1. Please indicate, with yes or no, whether at least one residue in the range 76-95 is within 19 Å of residue 150 (Cα to Cα) and more than 29 Å from the chain's Cα centre (by Cα).
2. How many residues does the range 110-152 contain that are surrounded by fewer than 17 Cβ atoms within 10 Å (Cβ to Cβ), charged (D, E, K, R) and under 30 Å from residue 89 (Cα atoms)?
Amino acid sequence: MTGGTPGINMPARVVRSIAELTWAATKNGSTVAALAKFIRSRSLGAQLAETIFDGGAPEAQVAQARAGFDAAAANYRQVALAAFQNVEDNLAALRILEAEAAAQAEAVKSAEQSLAIALNQYRAGTVSYLNVVTAQTTAYSNERNAISILGNRLNDSVALVKALGGGWDANDLPAADTIDSHSSAPKPGG
C-alpha cells in the first residue's frame, strides 16, 4: 500500500510516520525538537530521507538492471546461435566428406583393378612397363586423395566434438598397434 501524494510512491509506513511527525510537531509546538525526537524514536532518519528524496534512483536502477539483463540475453542468444551454426557447419562438412570418401573409395578400387590388369598385360608381354607405371601412379594418386579425405574427416570430427563442448580425452583413443592391425593400408616394406 502506498501513500496518497500524486507522483510520489511511498510505503504506507513512511506515510504514517510523516503523519505522526506532523501531529507531534503541532502538539509540541517545536518542529525541530519534534523531528529530532521522532527520528530517535523511529530510527528512520536516513531511510525516511532516502525514500523521500531519492530523485527517482530506484526507477533508474531498475531500468539499468533491465538493460543489463537485455544485453546479457542478447549476448547469450548470439553465442548460442554461433555454437549451433558451428555444429551445423561441422555436420555438413562431415556429410560432404562422407560422400567424397565413398566416391574416392570407388576410384581407388577402380585404379587398383586397372593396375592389376596392366600388370597382368605386362607379364603376358602385351603392353610396355610404361602402362604399369601409369596405372601405379593413378592408383597411388587416388590412395593419397583417399587418405587426405580421411584426414579431413578426422579433423572435422574433432572440430564437431569441440563444437559440442569437448569431451575428447586421449585415454579414450585406441592404441596405435590396434589401429595398425585393422588398417587396410599396405605395410612398409611389404
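1. Restricting attention to the range 76-95, the residues satisfying the condition of being within 19 Å of residue 150 (Cα to Cα) are 89-95.
Imposing the further condition that a residue be more than 29 Å from the chain's Cα centre (by Cα) reduces the set to none.
No, because not a single residue in the range 76-95 is within 19 Å of residue 150 (Cα to Cα) and more than 29 Å from the chain's Cα centre (by Cα).
2. The qualifying residues number 1.
Each reported figure results from applying straightforward, stated rules to the coordinates on display, with no laboratory input. For clarity, every value in this text was computed on a predicted model and none was experimentally measured. Every residue, glycine among them, receives a Cβ derived from its backbone with ideal geometry; neighbour counts consider all protein chains shown.
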